[in-house]
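Down below is the structure, laid out as structure tokens.
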Amino acid sequence: MSEKVLMKGNEAIGEAAIRSGCRHFFGYPITPQTELSAYMAKKMPKIGGVFLQAESEVAAINMVYGAAGAGARAMTSSSSPGISLKSEGISYIAGADLPCVIVDIVRGGPGLGGIQPAQSDYFQVTKGGGHGDYHLIVFAPNSVQEIVSLTADAFNKSEEYRVPAMILGDGTLGQMMEPVDFDSVPEPKKADKSWATTGTGLKREHNIINSLYLSPEALEKTIIERQKRYDIIKEKEQRYEAHDIEDADIVVTAYGTTSRVVESAVKTLRSEGLKVGVIRPITLWPFPDKIFAEAAKTAKAFLSVEMSMGQMVEDVKIAVNGKAPVYFFGRTGGIIPTPQEIIEEVRKIAGGLK
Amino acid sequence: MAIVFQKPHALTDAPFHYCPGCTHGICHRLVAEVLDELGVEGNAIGVAPVGCAVMAYDYFNCDMQEAAHGRAPAVATGIKRVHPDKVVFTYQGDGDLAAIGTAETVHSAARGENITIIFINNTIYGMTGGQMAPTTLPGQVTQTSPYGRDIKTQGNPIRVCEMLSTLDGPSYIARVALDSVPNIKKAKASIKKAFQNQIEGKGFSLVEVLSTCPTNWGLSPIEAIKRLQKDMLPYYPLGVYKDIDNENK
Ligand SMILES: Cc1ncc(C[n+]2csc(CCOP(=O)(O)OP(=O)(O)O)c2C)c(N)n1
Ligand code: SF4
Ligand SMILES: [Mg+2]
């Protein structure tokens, strides 16, 4: 067993990426992901890797496109306004079926917004952001240790399905220091990359990385083929953590930083004798709808707690499918909900239940 | 019987979709001949633009990537940083390179990124049906400058070679034209030099190729060549704008 080291979340992403075989990082400065770029700038030149500060997020994501298309494990990171700029490139990456990992350390929006933690980009990262029918596999860790294992998974799943993956965090998670080990990072898997542009060597037909199909029939065919992979991902890759839902009257759900506040609120509520359970989505896409459907068989109400005006709650409603009321509580603009606020919200709901 | 002329190996058998008299076809051929002559087709990775040359990935026999509009130099940078030993080039139009992709162009040049850029200046957005480009000449009529480009309201054209040659990054910047046999020969020599520089690790090279768009200029192929000579050559003088080989002498 290896030793635990104290690390910031943002740095842990960098170290986990390097241990996962990532040697190409393209970034553009933005708060609050700064420590990740700084870590990569320091480490990459020492291990024969590439850290490149691009002229914009637009350029950075297109460098990722080029590098991923050339067969490398490539990464970029940003925060909300930068992810908006990357959305063009992300759509092209999805359309060209390229694997890569994009880190989004979300901050308050819209516009320049603020630099404090937020979850107001849930729609952007799970429902598109860029144009076209596409999805990212979105991982939402809630601890520095989990950041490590999910970063490794992001690279592996992205290559397995040829779908870009995202690590979604916020400034709290990025900047919090926790002890971590890197035992959970497996040896980088060798994926088949016979499609990559590596030079034909005059020994094979040329490879083409592309998302253009002028014939509607041809384009539809690629989209349907990709949708089939999405369907497999929805079937096989839903991840969550759940507890106390078997006997729960109220199921509280939250992801990332917010889930940690929810845990402390739920502890208090259960000590008061309230039957409260928790579902914490770990993948936001695919959304873990099966466990919600399961919980909805017995739970009397759901509460989604977010740092937004109510985004994930829509997926909770779809998953619960009218079987129970779904409530929402959120703070936004960079404000983290307090345990007390959540406790009061749950008590209110409990008071209304027969 | 001796073969005196044949299709370069670096071109596929796919028929070009270019309009009659369009010089994109000539330029493709020159690039392919250079890849053949330098023996680097199997080692090359090209990046196609968004513009009339968008399907260049079907025409060049080497590995190809299709970039988003204007982003080819960033895509090429990503490729080159993964495969520094491969020959990486982009092929871009003027809207692609000098409007939407200006930042990617300037910064890949400033970094001295060891890639080769073939830049087709036809003073127009060909693919979308003839709108004003950053290179459209003052007074030139296009779909979006129907009264002629008025520099007071529509701004001035960009001379890309002149602009980029002020940077320290590039190793070779030249402007050539496809209007006559001698100039086409010179164009090929410049393109070859731009690839050779990359192979020798000298850094960023760009060749601006003055080209025609008979369709959107509303001219016959021959009239289009004449317009290139009469209107474009005086505004966009041919020549080598930067060559570190000469500077170092
Ligand atoms: C983001 C984006 N904006 C606009 C377009 C539409 N578009 C396609 S080609 C083109 C202009 C191409 O002109 P140029 O680069 O000069 O190439 P040419 O066709 O003249 O060779 C434009 C604006 C696009 N495809 N993507
Ligand atoms: S529109 Fe112009 S640039 Fe495009 S193929 Fe036709 S002639 Fe060539
Ligand atoms: Mg043009």
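Structural remarks
- Peptide B:53-66 shows a mean partner chain C-beta count of 5 within 10 Å per residue C-beta.
- Spherically averaged projected area of the convex hull of Cα atoms, chain B: 13.6 nm².
- Point-to-point label distance, A:Lys42-B:Thr144, nm (Cα→Cβ direction, 7 Å offset): 4.6
- Of all DSSP-defined beta bridges confined to the protein assembly as shown, some 25% are antiparallel rather than parallel.
- Among the listed pairs B:Lys80/B:Lys185; A:Lys267/A:Lys290; B:Lys80/B:Lys186; A:Lys236/A:Lys317; A:Lys42/A:Lys193; B:Lys188/B:Lys242, those beyond 19 Å (Cα-Cα): B:Lys80/B:Lys185; A:Lys267/A:Lys290; B:Lys80/B:Lys186; A:Lys236/A:Lys317; A:Lys42/A:Lys193
- Hz values of 3J(HN,Hα) by residue in region B:112-129 - Karplus curve (6.51, -1.76, 1.60), Gly and Pro given as x: x, 3, 7, 10, 10, 10, 9, 10, 8, 9, 10, 6, 6, 8, x, 4, 8, x
- Charge dipole of the protein assembly as shown (Cα centre as origin; +1 on each Lys and Arg Cβ, -1 on each Asp and Glu Cβ, all else neutral): 580 debye, rounded to the nearest 20.
- Projected over every direction and averaged, the convex hull enclosing the alpha-carbon atoms of region A:29-74 yields 3.3 nm².
- Between B:Pro84, B:Pro73, B:Pro170, the residue with the greatest mean-square fluctuation in the GNM of chain B (Cα pairs under 10 Å linked by springs) is B:Pro84.
- Annotation: Cα Rg of the protein assembly as shown relative to the compact-globule expectation 2.2 N^0.38 Å equals 1.09.
- Every helix of 4 or more DSSP H residues in chain B counts as -39500 (n - 2.57), and over all residues that averages to -9000 deg cm²/dmol at 222 nm.
- By average C-beta atoms within 10 angstrom, highest first, the peptides B:93-101, B:233-241, A:314-322: B:93-101, A:314-322, B:233-241
- Highest GNM mean-square fluctuation among A:Ala154, A:Ala295, A:Ala70, for chain A modelled with Cα contacts below 10 Å: A:Ala70.
- Counting Cβ atoms of other protein chains within 10 Å of each Cβ in A:209-217 and taking the mean gives 3.
- Whole-Å semi-axes of the ellipsoid equivalent to region A:216-255 (Cα gyration tensor, √5λ, descending): 37, 10, 8
- 5 Å-binned pair-distance histogram of region B:123-249 (Cα, whole percent): 2, 11, 18, 20, 18, 14, 10, 5, 2, 0
- Tensor-based shape of region A:241-353 (alpha-carbon gyration tensor, a/c under 1.5 rounded, otherwise prolate or oblate): rounded
- Principal axis extents of the C-alpha atoms in region B:52-113 (largest first, rounded to whole Å): 28, 28, 13.
- Helix-only arithmetic for chain A: the sum of -39500 (n - 2.57) across DSSP H runs with n ≥ 4, divided by the residue total, places the mean residue ellipticity at 222 nm at -12500 deg cm²/dmol.
- Among B:Trp217, A:Trp195, A:Trp285, a tally of other beta-carbon atoms within 10 Å of each Cβ gives an order, fewest to most, of A:Trp195, B:Trp217, A:Trp285.
- Order of B:Ile26, A:Ile147 - criterion: other Cβ atoms within 10 Å of each residue's Cβ, fewest first: B:Ile26, A:Ile147
- Long-range Cα-Cα pairs in chain A (distance over 27 Å), rounded percent: 46
- Averaging 1/r over every pair of different alpha carbons in region A:123-261 and inverting the result gives a Kirkwood radius of 18.3 Å.
- Length added when fully stretched, B:Asp85-B:Val4, from 0.36 nm per residue minus Cα-Cα: 25.9 nm
- Descending semi-axes in whole angstrom, ellipsoid equivalent of region A:152-218, from the Cα gyration tensor: 35, 19, 10
- Positive minus negative residues near A:Gly310 (Lys, Arg vs Asp, Glu; Cβ under 12 Å): -1
- For the segment A:53-59, counting C-beta atoms of other chains within 10 Å of every residue's C-beta and taking the mean gives 6.
- Kirkwood radius and radius of gyration were both taken over the C-alpha atoms of region A:1-133, and their ratio Rg/Rh is 0.97.
- Residue among A:Arg226, A:Arg239, A:Arg204 with the largest mean-square fluctuation in a Gaussian network model of chain A, springs linking Cα atoms under 10 Å: A:Arg204
Coordinate-derived values only; no laboratory data. Because the structure is a prediction, the values reported are computed rather than measured. Positions of Cβ are backbone-derived with ideal geometry, glycine not excepted, and every protein chain shown enters the neighbour counts.
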